[in-house]
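Step one of this worksheet: look at the structure below.
What follows draws every value from the coordinates through simple rules; no lab data is involved. These numbers were taken from a predicted model, which means no experiment stands behind them. Reconstructed Cβ throughout: ideal geometry from the backbone, glycine too, with neighbour counts over all protein chains shown.
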Amino acid sequence: MPLKTVQIQDESQINLTPMIDIVFLLIIFFMVGTQFTQLEHQYDIQLPTVSQAQPLTSLPDEIIINIRGDGIILVDNQVRTLNELEQLLQTAKSSFSDQVVLIRGQGRGPYQHIMDVLDVCRRAKINHISLANRLKSGDK
C-alpha cells in the first residue's frame, strides 16, 4: 500500500518593493520640509504686536440693481442706462474680481428687462449674480 506523501506548498510572499518606495518618498518629503522650516527660523525678526487684528481690505458691498416694471434701472437710487450699468460693473469687476450683484425686478414686470441686465452682467464678466425673491404669504 502506497504511503501518502505530504506536499509542501510554497508560502505566498509579500512584495515589499512598493512599501519601500513609499517609505523612501516619505523620508524625502520630511527632509525637505525640515529644510524649509530651518530657513524660516534663520532670521531673528521680532514682529510688532497689536491688540486686535483686522484685515487690511474688506469685501465690497454687493451692487443692488433694481428694475422697475417699466424697465427703468436703478443703482443706488440713480437711474442708469444699460451702457452706464455696464461701465459701472466693469469698474467694480476691475476693483474686485469677486464682485457680487443682486438683481431685484418687479414681480409682474416684463422678464426681458431682467434678461437685459443679466446680459450686461455677463458682458462685464460678473460671476456672482443673485436674483432677489420672497416667499408667498401663507407658504411654509
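Per-structure values
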quantity: Relative exposure of 120, 50, 23, judged by other C-beta atoms within 10 Å (fewest first); calculated: 50, 23, 120
quantity: Net +/- balance of residues flanking residue 64 in space, Cβ distance below 10 Å, scoring K and R +1, D and E -1; calculated: -2
quantity: Cα gyration tensor shape for segment 73-140, rounded if a/c is under 1.5, else prolate or oblate; calculated: prolate
quantity: Cα centroid of segment 114-135 to Cα centroid of segment 60-92, whole Å; calculated: 11 Å
quantity: Estimated vicinal HN-Hα couplings, Hz - segment 117-122 in sequence order (Karplus 6.51, -1.76, 1.60; Gly, Pro = x); calculated: 5, 4, 5, 5, 4, 5
